[in-house]
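Read-outs: derived from the displayed coordinates by stated rules, not from any lab. Everything numeric in this text was worked out from a predicted model, so none of it was measured. No Cβ is skipped: glycine too gets one built from the backbone with ideal geometry, and neighbour counts run over all protein chains shown.
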Amino acid sequence: MDPSRITLRPFKLSDAADMLVWAGDDRVTRSLRWKTLTSKDEALAFIEQVCIPHPWRRSICIDDCSIGFVSVFPGSGDDRCRTDLGYEIGVEYLGQGITTRAVKMATAQVFNDFPEIVRLQAFASVENKASQRVLERAGFVKRDC
């Protein structure tokens with residue numbers, strides 16, 4: 001995969017059909033806090049109500065086609081100097097280095113967009129070895145909780 005084809009951008013309402021492809025797949029959404037989408041209308045509502053107002057949720061795109069997302073959740077109060085990172089990508093794009101590239105891109109951008117952030121952290125389940133590898137390849141350091 002040519003890395004120049006991979007971009008991060010804010011979600012647009014026109015992403016609904018693309019989003020339904022990956023967010024309508026139980027294999028993708030099983031690790032997310034939101035349910036599998038079942039219609040273009042649900043995808044449109046999710047983009048409008050969740051993605052667009054989110055402080056930092058970006059669509060992972062190939063040639064401007066949404067194939068997943070990466071988000072950060074800035075802390076507040078005593079935790080305002082750290083943020084959590086989350087991501088997901090359509091199953092057909094797994095194993096191609098796209099997620100690692102997207103996480104690296106997001107990491108660089110987050111520190112520019114939130115200058116108060118000194119720690120960016122992500123969590124991967126013990127069973128999710130692929131996600132652990134993404135984080136390691138993106139420069140994250142594994143720590144026990």
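Of the lysine pairs in the range 27-145, how many meet both conditions: Cα atoms under 25 Å apart, and a spacing of 8 or more in sequence or different chains?
4
Among the trypsin sites (Lys or Arg not before Pro) within the range 13-109, which fall in a DSSP loop and have no more than 11 other Cβ atoms within 10 Å of their own Cβ?
Answer by residue number: R30, R33, K35.
From the phi angles alone, apply the Karplus equation (6.51, -1.76, 1.60; θ = phi - 60°) to the range 46-53 and give each ³J(HN,Hα) in whole Hz, x where the residue is Gly or Pro.
For the range 46-53, the Karplus curve yields 5, 4, 5, 8, 10, 5, 5, x Hz.
At T38 and D84, where each label point lies 7 Å from the Cα along Cα→Cβ, what is the point-to-point distance in nanometres?
About 2.7 nm, to one decimal.
So, with +1 on the Cβ of K and R and -1 on the Cβ of D and E, and no other charges, what is the size of the charge dipole of the range 82-145 about its Cα centre, to the nearest 20 debye?
Result for the range 82-145 is approximately 260 debye, rounded to the nearest 20.
Please give me, ordered by residue number, the GluC sites (Glu not before Pro) of the range 39-133 that lie in loop per DSSP and have at most 13 other Cβ atoms within 10 Å.
Passing sites in the range 39-133 are E116, E127.
Could you work out how far the C-alpha centroid of the range 1-30 sits from that of the range 96-131, in angstrom?
A separation of 17 Å, based on Cα centres.
If I model a spin label as a point 7 Å beyond the Cα along the Cα-Cβ vector, how far apart are those points for K104 and D25 in nm?
Reported label-point gap for K104 and D25 is 2.3 nm.
Simple spin-label model, 7 Å along Cα-to-Cβ: F73 to V126 in nm?
About 2.1 nm, to one decimal.
Which listed residue (N128, C65, G90) has the Cα farthest towards the positive end of the charge dipole for the range 3-137, taking +1 on Lys and Arg C-beta and -1 on Asp and Glu C-beta about the Cα centre?
Value computed over the given set: N128.
Counting other Cβ atoms within 10 Å, keep those with at most 14, restrict to DSSP loop, and tell me which chymotrypsin sites (Phe, Trp or Tyr not before Pro) in the range 1-107 are left.
W34
Do you know the relative contact order of the chain, to the nearest whole percent, from alpha carbon pairs under 8 angstrom that are 6+ apart?
23
In terms of Cα to Cα distance under 12 Å, which aspartates and glutamates are near enough to K12, apart from those fewer than 8 places away along the same chain?
Within reach: E48, D64.
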